[in-house]
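Undergrad: Pasting in a structure now, in structure tokens, and then I'll have a few things to ask.
The values are calculated or read from the model by the stated rules, or taken from the named source; none is laboratory data. Every value quoted in this text rests on a predicted model; they were computed, and no experiment measured them. Methodologically, a virtual Cβ is constructed for each residue, glycine included, from the backbone with ideal geometry; neighbour enumeration extends over all protein chains shown. Only protein heavy atoms, including side chains, enter the accessible area calculation; ligands, DNA and RNA are left aside. Shrake-Rupley method; radii C 1.70, N 1.55, O 1.52, S 1.80 Å.
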Amino acid sequence: MMSTTRIGAVMFKEFRQLSRDKLTFAMIVMIPLIQLTLFGFAINTDVRMIPVAVVDNTNNATGRAVLDTLKATQVVDIVTYLPDAETARQAIQNGEVKAVLVLPHDINNRIETGRVLGQWMVDGTDSVIGGAITALQSMPFTLTPKLANQQQTLATSQTFDITLYYNPSRRTAINIVPGLLGIILSMTMILFTSIAIVRERERGNLELLITTPVSSLELMIAKIVPYIFVGMLQVAIVLGLGALMFNVPINGSPIDIALGSLLFISASLTLGLLISTIAQSQLQAMQMTLFVLLPSILLSGFMFPYEGMPVVVQWISEALPATHFMRMIRGLVLRSAELSDLWKDTLWLMGFTVLGVLVSAKRFAKSLD
């Protein structure tokens, strides 16, 4: 017969056990609190301050008026001025800017004849940003001549030409598949190694490791290397099937793609290893992995544009390996960028891996405590 007394006793024991597990109890409270606050501010499809460049061939008041009106929209942020269209295309390929506005020297004649005012060159690998730039295709511009106290409004029918590079058909799969590779690697690599040390402890194998001459640093490296091959296999599967099933082009060098993926896999494995030295059980390790995985999905630029996030949230996202890999893999696969062009993200992933291994080795005490 079912006894409420026995049920109550076990329930009391579970609550007592939960209250003593300080890490799990803290995560129960902090995960929803932090993530609700963070994601509530960060997730924003209304993109603002997209970094763009300008090739201004006008050198007159009309060109300056166009740029002033453009700045007033706050949709774009003019971060640099470039000398010609070829330099602009290279800046887009290297990921330095998301778009370039080219203003022709005969802009006044174009106004009089009703032709397009200029051209937008846009990185089409991000469909949200492409849509935001497209929304600027047709907008009124105002000129205030110094000799008259009245405004002349340029015809709103005059627009800009828009050229979408790397994804002219605006297919979502071209943007999603390379980004999805980063999410899959984050999920599997971090999870695999986050339970590595914990599993040894729960199985009683830690005693064997203590009696061997293996150093902490050697153990950390040995835990990572086997999963690197697993990660590289996943890279081949995702990109191969993406090309076959969704016709996602692989425009970059296979060597650069492999090296860039290797850097991210190593960084993700290192992050998982660091979690493993903190967690006391496999459940805690999985909870902490989830705590890292959700920001990696939502803050890395995979689903929502990085440019649409508040500056503080951008700083947080920069601490995530996935953010750097999103920029890297899309540049390598879709824009034919070289690894040297993405040297900032490359150095960051390398530094994160080295620092993570050293910290994990230091945290791992070769004892049962």
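Undergrad: What single numbered condition from (1) among the small types (Gly, Ala, Ser); (2) crowded, with 18+ Cβ neighbours inside 10 Å; (3) modelled with pLDDT under 85 fails to hold for Ser157?
TA: Among (1) among the small types (Gly, Ala, Ser); (2) crowded, with 18+ Cβ neighbours inside 10 Å; (3) modelled with pLDDT under 85, the lone unmet condition for Ser157 is (2).
Undergrad: Also, I was wondering about something else. Taking only segment 318-341 into account, find how many residues are surrounded by fewer than 24 Cβ atoms within 10 Å (Cβ to Cβ) and in contact (Cβ under 8 Å) with a residue 60 or more places away in the chain.
TA: Residues that pass the stated criteria total 6.
Undergrad: I would also like to ask the following. Just to be sure, is Gln17 surrounded by 10 or more Cβ atoms within 10 Å (Cβ to Cβ) and modelled with pLDDT of 85 or more?
TA: Details: surrounded by 10 or more Cβ atoms within 10 Å (Cβ to Cβ): yes; modelled with pLDDT of 85 or more: no.
When the stated conditions are applied, Gln17 does not pass them.
Undergrad: Next up: Scan segment 245-254 and give yes if some residue there is more than 22 Å from Ser300 (Cβ to Cβ) and either acidic (Asp, Glu) or open to solvent by less than 20 Å² (accessible area, probe 1.4 Å) (or both), otherwise no.
TA: no
Undergrad: Say we look at segment 342-369 and pick out the residues that are open to solvent by 50 Å² or more (accessible area, probe 1.4 Å) and of a type in the set (D, E, K, R); which of these is modelled with the highest pLDDT?
TA: Lys344
Undergrad: Also, quick follow-up: I need the strands (runs of 3 or more DSSP E) fully contained in segment 62-149, keeping only those with at least 1 residues that are at pLDDT 90 or above, under 26 Å from the mean Cα position of the chain (by Cα) and hydroxyl-bearing (Ser, Thr, Tyr). Let's see the steps before the verdict.
TA: Working: elements: 76-81, 99-103, 118-123.
By residue number, 76-81.
Undergrad: Test Met303 against the criterion of being in a helix (DSSP H, G or I) and either under 26 Å from Gln74 (Cβ atoms) or at pLDDT 90 or above (or both), and give yes or no. First the steps, then the outcome.
TA: Details: in a helix (DSSP H, G or I): no; either under 26 Å from Gln74 (Cβ atoms) or at pLDDT 90 or above (or both): yes.
Spelling it out, it is not the case that Met303 is in a helix (DSSP H, G or I) and either under 26 Å from Gln74 (Cβ atoms) or at pLDDT 90 or above (or both).
Undergrad: Could you grab me the full set of residues in segment 278-300 that are open to solvent by less than 20 Å² (accessible area, probe 1.4 Å) and in a helix (DSSP H, G or I)? Steps first, please.
TA: Going residue by residue through segment 278-300, those that are open to solvent by less than 20 Å² (accessible area, probe 1.4 Å) are 279, 284-285, 289, 295-296, 299-300.
Residues satisfying the conditions are Gln284, Ala285, Thr289, Pro295, Ser296.
Undergrad: I'd like to know if segment 169-177 contains one or more residues that are out of contact with any Lys or Arg (no Cβ under 9 Å at 6 or more places or on another chain), surrounded by 15 or more Cβ atoms within 10 Å (Cβ to Cβ) and within 25 Å of Leu290 (Cα to Cα).
TA: Among the residues of segment 169-177, at least one is out of contact with any Lys or Arg (no Cβ under 9 Å at 6 or more places or on another chain), surrounded by 15 or more Cβ atoms within 10 Å (Cβ to Cβ) and within 25 Å of Leu290 (Cα to Cα), which makes the answer yes.
Undergrad: Further, regarding this structure: Just to be sure before I move on: is Met303 open to solvent by 50 Å² or more (accessible area, probe 1.4 Å) and of a type in the set (A, V, I, L, M) in the structure I sent?
TA: Values: open to solvent by 50 Å² or more (accessible area, probe 1.4 Å): yes; of a type in the set (A, V, I, L, M): yes.
Judged against the criteria, Met303 is a match.
Undergrad: Follow-up. Would you mind stating whether Ile278 is at pLDDT below 95 and either β-branched (Val, Ile, Thr) or closer than 26 Å to Leu347 by Cβ (or both)? So that I can check it myself, show each step before the final result.
TA: Numbers: at pLDDT below 95: yes; either β-branched (Val, Ile, Thr) or closer than 26 Å to Leu347 by Cβ (or both): yes.
Here the answer is yes, as Ile278 does meet what is asked.
Undergrad: On to the next question. Restricting the first residue to segment 72-87 and requiring it to be farther than 18 Å from Thr58 by Cβ, which pairs with a second residue that is in a loop (DSSP other than H, G, I, E, B) meet a Cβ separation below 6 Å and a spacing of at least six or different chains?
TA: Sorted first by the residue in segment 72-87, then by its partner, the pairs are Gln74/Arg48; Asp77/Met49.
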